[in-house]
Amino acid sequence: MAQRLDLIVIDGQNDFLADGTEPDNWSWPEGGKQRGALCVEGANKEANWVAEMIDRLKFDNGGSKIKKIHATLDSHHRLDGSHNISWKNGNTGQIADPFTIISHDDVLAQRFVPIFQLGVWEGQAVPALEWAKKYTKALEDRGRNPLCLWPPHCQIGTWGQNVYKPLMDAYNRWCDLTGGWINWVSKGQWVWTEHYSAIIADVPDSTRMETQMNAGLVNDVASADIILWTGWAGSHCQRWTAKDAVDYFEPGDDEKAKGAKNEFVAKSVFCEDAAAPVVSPDPGATALFQQWKDEFLHEMASRGAKITNTKDFLKAA
């Protein structure tokens, strides 16, 4: 029996991938050709390589070597707690700049303040500043990224949320070839927590199912023999999705003492040429994001995953 190969593509959407150099005759929003609101430099080329890999992974006698494609979709409301337009500088009163990093101490000192009046914490309406204090503290306690204020992106129902054309075309060809369906995985609609990971929100809310561990997804993927990871950005959404999935299957100390191993990570393969990191206007932040991507791939390799690229994966000798 052929091995089951599952492909994961994290957030292959226009707002991350379109850099404005694409063909004029693509489907563009009103106003014409656009650059994605949170364009990840170089990710458009990487997306084309992923599309080419999907087309390449075919059996000589027909059908695809890829059994399932799991494609995540970042999905945001315009007024989101992690969008810069939802915050103001506490000193100037001006809207906070995109890519601003806000720590718990920043909130306590009110160097940055939410512009909305109310927030939601564990199902209860609370003053927005109270939400911000609880949320940034929870991020620190959980070891997640500090709050970063992104430009509004992947707004539900907009061009920016749509799948980048080369990927969508490759998905459609795969569906026609296999008679299968793409497993679309939406994330990010609950505005009171970041949701880099498609597995679980950065700060889950016990009253909101969409923020909880997506056990159905990870257990489905775990049934594959090979789990192939691609997606953007390698510094954020791919990184946290993979780390959360791998950690979900990490044996406890007692199990390890009896010889148990993390089979999920051992079946994982990461394409280093399909994991570009976010680029910030701040060179220091850009360097940090590149470091996060590099450290993430190094961690996965050290835990037993394989690192390859889109051109060499299952390449015929």
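Numbers below:
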item	result
Farthest positive-ward along the chain dipole, Cα basis, beta-carbon charges - from Tyr171, Gln117, Gly81	Tyr171
Charge dipole (debye, nearest 20) of the chain; +1 at Cβ of Lys and Arg, -1 at Cβ of Asp and Glu	400 debye
Helix-only [θ]222 nm of the chain, DSSP H runs n ≥ 4, -39500 (n - 2.57) each, per residue, nearest 500	-9500 deg cm²/dmol
Region 84-149, dipole about Cα centre (Lys/Arg Cβ +1, Asp/Glu Cβ -1), debye to the nearest 20	40 debye
Burial order of peptide ranges 8-21, 261-274, 193-206 (average beta-carbon count within 10 Å, highest first)	8-21, 193-206, 261-274
Proxy reagent accessibility, fewest Cβ within 10 Å first, across Glu22, Glu140	Glu140, Glu22
For the chain, built as a Gaussian network whose Cα springs stay under 10 Å, the top-fluctuating residue of Glu210, Glu295, Glu255	Glu255
Filtered chymotrypsin sites (Phe, Trp or Tyr not before Pro), region 21-88: DSSP coil and at most 13 other beta carbons within 10 Å	Trp26, Phe59
Taking region 84-149 and dividing mean pair separation by its residue count, relative contact order in percent (alpha carbons under 8 Å, at least six apart)	34 percent
Segment Asn219-Ala125, extension gain: residue separation times 0.36 nm, minus the distance between their alpha carbons	30.5 nm
Reachable lysines from Lys67, criterion Cα separation under 29 angstrom, eight or more residues apart if same chain	Lys45, Lys58, Lys165, Lys187, Lys243, Lys261, Lys267, Lys293, Lys306, Lys311, Lys315
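Taken together, the values in this text are just the output of simple stated rules run on the coordinates, not laboratory data. Keep in mind it's a predicted model, so treat the numbers as computed, not measured. Counting neighbours? That spans all protein chains shown, and the Cβs are built from the backbone with ideal geometry, glycine included.
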